[in-house]
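Engineer: Here it is, the structure, as structure tokens.
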Amino acid sequence: MAKPKCPECKIEGLEHIVSEDSTEESEDGQPWFNIAYCNNCGHVYGIFNKYSLNPFDFD
């Protein structure tokens with residue numbers, strides 16, 4: 001299997017792709033999103049939604 005390579009710093013390996021919860025939280029303490037990034041240079045691979053609001057909860 002090919003190892004992923006960071007497009008910025010060119011470091012290789014899945015162990016260099018890390019994720020972290022956002023500091024922003026919902027009222028019940030759930031993080032809003034998760035950030036995946038390179039732990040060597042900080043290149044952001046993506047931001048992934050962890051918490052979504054139900055539009056029917058707003059009465």
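Engineer: Please verify whether ASN34 is assigned to a strand (DSSP E or B) and on the phi < 0 side of the Ramachandran plot, treating the condition exactly as stated.
Structural biologist: Yes.
Engineer: Which one is nearest to PRO4 (Cα to Cα) among residues in the range 31-56 that are at pLDDT below 95, touching a strand residue (DSSP E or B) at 6+ places or on another chain (Cβ under 9 Å) and loosely packed, with under 13 Cβ neighbours inside 10 Å?
Structural biologist: PHE48
The values are calculated or read from the model by the stated rules, or taken from the named source; none is laboratory data. Predicted model only: the values in this text are computed from it and were never measured. No Cβ is skipped: glycine too gets one built from the backbone with ideal geometry, and neighbour counts run over all protein chains shown.
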